[in-house]
1. Around Ser69, which amide H atoms from residues at least 5 apart in sequence, or from another chain, sit under 5 Å from its own amide H, with H modelled in the peptide plane?
2. For the chain, what number results from the quotient of the Cα radius of gyration and 2.2 N^0.38 Å?
3. Longest exposed-loop-site-free stretch of the chain, with trypsin sites (Lys or Arg not before Pro), DSSP loop and at most 16 other Cβ within 10 Å?
4. Connecting C-alpha atoms closer than 10 Å in a GNM of the chain, tell me which of Asp29, Asp107, Asp185 has the biggest fluctuation.
5. In the chain, once you exclude exposed GluC sites (Glu not before Pro) (DSSP loop, at most 16 other Cβ within 10 angstrom), what's the longest stretch remaining?
6. List the chymotrypsin sites (Phe, Trp or Tyr not before Pro) within the range 16-59 that DSSP assigns to loop and that have no more than 10 neighbouring Cβ atoms inside 10 Å.
7. Output ³J(HN,Hα) for the range 182-196: one whole-Hz value per residue in order, computed from phi by the Karplus curve 6.51 cos²θ - 1.76 cosθ + 1.60 with θ = phi - 60°, and x for Gly and Pro.
8. With a cap of 11 neighbouring Cβ atoms within 10 Å, and only residues DSSP puts in a loop, list the chymotrypsin sites (Phe, Trp or Tyr not before Pro) found in the range 172-215.
Amino acid sequence: MKYFLIFFISTLFFTSLYADNLEIFQFDDKELENLKVRKIRGAKSLTTYSLGKNDKGNYLKAEVENGGSGLGKEFLVDLNKTPILNITWKVEKDLSGLDEKSKKGHDFAARFFVVKKTGLTPLSNKAINYVFSSNEETGVSWASPYTKSSVDYVLSSTKANLNEWVTVKTDVKKDYKKLHNLDVDILDGVAIMADTDQSKKKSISYFQNIYFSAN
């Protein structure tokens with residue numbers, strides 16, 4: 001089950017709410033050691049996360065077969081000042097042939113969650129699951145088959161960009177209004193995940209330069 005996405009936050013990081021660009025992950029050894037890995041319940045194995053570097057800087061590689069786990073942190077983001085999420089990512093080996101809108105096909109080679117606390121319990125939190133889809137077109141969204149508190153939103157697709165670095169951006173404040181009908185000022189947490197626990201397949205993906213900006 002994938003309910004952990006609602007409350008999957010490990011370490012509190014207070015950030016400057018006035019920075020022009022708000023960097024989320026450093027993708028270095030120290031950070032990777034401190035981030036808590038959270039396994040998907042029932043998954044046979046963990047996602048293997050490793051570090052690399054190219055001419056654009058540090059990146060995180062995520063490789064998983066018949067399993068899944070994520071990396072997350074509490075991270076305060078003022079969406080009135082920096083509402084735009086920027087992600088550079090790549091899927092080298094995708095998960096084509098799945099019905100990603102169903103429980104049995106709800107696997108993604110690359111995901112990035114944003115979380116807003118909206119109540120007293122973790123299950124009341126509202127999440128947007130930005131995905132690099134292997135089967136759907138960019139711009140498509142749907143309610144998670146596991147919980148109505150999370151919406152899946154396709155930012156990239158291997159149907160257009162397989163094994164290619166892609167840089168995308170989206171207005172998270174507007175997305176919360178559109179997908180959850182919520183006016184969100186402060187975002188509370190983020191998480192990276194790659195999972196294949198439903199399909200039992202293998203995926204390989206990469207994450208780089210994840211930050212929030214004013215525009």
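Computed from the coordinates by the stated procedures, all read-outs in this text should not be read as laboratory data. Owing to the predicted nature of the structure, the values given are computational and were not obtained by experimental measurement. Note that each Cβ is placed from the backbone with ideal geometry, even for glycine, and that neighbours are counted across all protein chains shown.
1. Here the answer is Ile40, Thr47, Ala194, since their amide H atoms fall under 5 Å of that of Ser69.
2. Values: Rg = 15.6 Å, N = 215, 2.2 N^0.38 = 16.9 Å.
With N residues counted in the chain, Rg over 2.2 N^0.38 Å equals 0.92.
3. Values: sites that count: Lys36, Arg41, Lys44, Lys56, Lys81, Lys101, Lys103, Lys104, Lys148, Lys159, Lys200.
Longest site-free region, per DSSP loop and neighbour criteria: 105-147.
4. Asp29
5. Working: sites that count: Glu137, Glu164.
That would be 1-136.
6. Details: sites: Tyr18, Phe25, Phe27, Tyr49, Tyr59; in loops: Tyr18, Phe25, Phe27.
The qualifying sites are Tyr18.
7. With the stated coefficients, the range 182-196 comes to 10, 8, 9, 9, 10, 8, 9, x, 9, 7, 10, 8, 9, 8, 9 Hz.
8. Passing sites in the range 172-215 do not exist.
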